[in-house]
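See below for the structure under consideration.
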Amino acid sequence: LYRGMTEWGKVSGNKSCYDFVRTIGEKHNWNMWDRVYHADDICVGQAFIEMYRNFDDKRMLQPVLERAYYVASHPSKALLQKTDAIGTTERWSWADALFMAPPVYAALYTMTGDKIYLDYLDSEYKACVDSLYDEEEHLFYRDNKRIPVREKNGSKQFWGRGNGWVFAGIPLLLQTLPKDHPTYDYYLNIYKEMASAIVQCQDKNGSWHASMLDPDSYPSPENSASGFFVYGLGWGVNQGILKDRKYKKAARKGWKALKSYVHEDGMLGYVQPVSAAPEQVTQNMTEVYGVGAFLMAGIEMLKMK
């Protein structure tokens with residue numbers, strides 16, 4: 001949500017977006033949350049970095065620098081296996097982590113020039129990809145425990161929002177990393193492969209579902225996944241990376257569907273609550289990350305228009 005708010009503030013000029021995030025930052029002295037290595041607890045650093053870029057207040061940046069530098073200079077040696085409880089939290093062992101932490105390290109590298117951030121990003125990202133990326137389907141398992149799971153129709157279980165986190169996170173890297181960096185094309189290739197797979201999973205109304213390959217078992221739209229996919233596709237179209245007309249068509253169709261699920265009071269419906277696997281979704285379910293994805297998707301659609 002906070003990343004969506006700071007991005008929308010840039011585009012709209014709406015000061016209240018920055019005021020909202022500033023209130024959060026001041027309340028917590030611009031600190032990360034408590035789990036030092038956990039990717040979720042450094043994610044807020046994305047918004048604090050954007051606040052620093054806008055206001056040039058070092059208080060907004062210093063705690064992010066300190067946390068990220070400590071982790072990068074003391075990388076966890078826990079194993080990336082489902083049997084290692086420490087590794088599942090100290091390493092990027094689940095799909096969502098590839099949105100939460102990597103953009104922070106990429107941004108800090110470009111801001112400081114310190115290669116330690118980039119080395120850590122590349123190493124951890126590749127380890128997660130090697131663990132969870134399905135080379136046949138070009139989609140991510142949510143975590144190691146999901147690899148043997150099969151849906152009712154016999155398909156592999158690829159969680160909609162889990163893949164949304166990954167797909168939306170890659171543009172945040174590609175727009176930050178130097179194009180001549182040795183691993184830039186590595187991230188770009190994953191992005192393109194995922195984009196092709198994602199458009200094939202879009203339903204006739206423009207939405208995506210909680211399970212990528214078994215939408216019939218989860219018939220409701222799932223709008224956190226849909227928001228992230230529209231953002232990621234729209235960004236690629238606007239950057240001239242996704243040139244095939246099918247991508248622009250999918251983004252526009254997805255955006256039209258997303259807008260139709262905004263209630264009269266402004267609430268975005270059909271957003272799956274906090275989870276780690278596909279579940280049933282209803283029109284009255286919502287969560288803040290769904291709103292953040294919606295804002296980011298809207299920005300790319302404005303640019304496309």
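Below is a table of values for the structure above.
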{"item": "Extreme residue, nearest to residue 232 (Cα to Cα), among residues of segment 77-122 that are surrounded by fewer than 23 Cβ atoms within 10 Å (Cβ to Cβ) and among the basic types (Lys, Arg)", "result": "115"}
{"item": "Number of positions in segment 1-52 that are assigned to a helix (DSSP H, G or I) and among the aromatic types (Phe, Trp, Tyr)", "result": "6"}
{"item": "Residues within segment 175-216 that are among the hydrophobic types (A, V, I, L, M, F, W, C) and either open to solvent by 40 Å² or more (accessible area, probe 1.4 Å) or free of Cβ contacts under 8 Å to residues at least 60 places away in the same chain (or both), tallied", "result": "8"}
{"item": "Filtered residue count, segment 64-76, keeping only those that are open to solvent by 50 Å² or more (accessible area, probe 1.4 Å), in contact with a Phe, Trp or Tyr (Cβ under 8 Å, 6 or more places away or on another chain) and assigned to a loop (DSSP other than H, G, I, E, B)", "result": "1"}
{"item": "Condition met for residue 135 (under 22 Å from residue 196 (Cβ atoms) and free of Cβ contacts under 8 Å to residues at least 12 places away in the same chain)", "result": "yes"}
{"item": "Index of the failed condition, residue 271 passing every other in (1) closer than 19 Å to residue 3 by Cβ; (2) part of a helix (DSSP H, G or I); (3) of a type outside the set (Ser, Thr, Tyr)", "result": "(2)"}
{"item": "Among the residues listed as 232, 269, the single one being buried (at least 18 other Cβ atoms within 10 Å of the Cβ), touching a helix residue (DSSP H, G or I) at 6+ places or on another chain (Cβ under 8 Å) and touching a residue at least 60 places away in the same chain (Cβ under 8 Å)", "result": "232"}
{"item": "All positions within segment 217-228 that are part of a helix (DSSP H, G or I) and either surrounded by 19 or more Cβ atoms within 10 Å (Cβ to Cβ) or in contact with a Phe, Trp or Tyr (Cβ under 6 Å, 6 or more places away or on another chain) (or both)", "result": "223, 224, 225, 226, 227, 228"}
{"item": "Residue 170 being β-branched (Val, Ile, Thr) and open to solvent by 10 Å² or more (accessible area, probe 1.4 Å)", "result": "no"}
{"item": "Among the residues listed as 160, 234, the single one being within 17 Å of residue 269 (Cα to Cα) and among the small types (Gly, Ala, Ser)", "result": "160"}
{"item": "Contacts under 6 angstrom Cβ, first residue in segment 103-120 being assigned to a helix (DSSP H, G or I), partner at pLDDT 95 or above and of a type in the set (Val, Ile, Thr), 6 or more apart", "result": "104/42; 106/176; 107/49; 107/176; 110/176"}
{"item": "Residue within segment 152-167 that is without any contact (Cβ under 8 Å) to a residue 40 or more places away in the chain and either assigned to a loop (DSSP other than H, G, I, E, B) or buried (at least 21 other Cβ atoms within 10 Å of the Cβ) (or both) present", "result": "yes"}
{"item": "Residues located in segment 218-265, provided they are on the phi > 0 side of the Ramachandran plot and not small (Gly, Ala, Ser)", "result": "none"}
{"item": "Selection status of residue 292, touching a residue at least 24 places away in the same chain (Cβ under 8 Å) and within 15 Å of the chain's Cα centre (by Cα)", "result": "yes"}
{"item": "Residue count, segment 38-50 (criterion: in contact (Cβ under 8 Å) with a residue 60 or more places away in the chain and out of contact with any Asp or Glu (no Cβ under 8 Å at 6 or more places or on another chain))", "result": "4"}
{"item": "Checklist (1) open to solvent by less than 50 Å² (accessible area, probe 1.4 Å); (2) part of a helix (DSSP H, G or I) applied to residue 256, failing item", "result": "(1)"}
{"item": "Single match in 35, 53, 59 (criterion: of a type in the set (D, E, K, R), surrounded by 14 or more Cβ atoms within 10 Å (Cβ to Cβ), at negative phi and in contact (Cβ under 8 Å) with a residue 12 or more places away in the chain)", "result": "59"}
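The values are calculated or read from the model by the stated rules, or taken from the named source; none is laboratory data. Keep in mind the model is a prediction, meaning the values are calculated, not measured. So basically every Cβ, Gly included, is an ideal-geometry build from the backbone, and we count neighbours across all protein chains shown. In case anyone asks, the SASA skips ligands and DNA or RNA and just uses the protein heavy atoms, side chains included. Shrake-Rupley method; radii C 1.70, N 1.55, O 1.52, S 1.80 Å.
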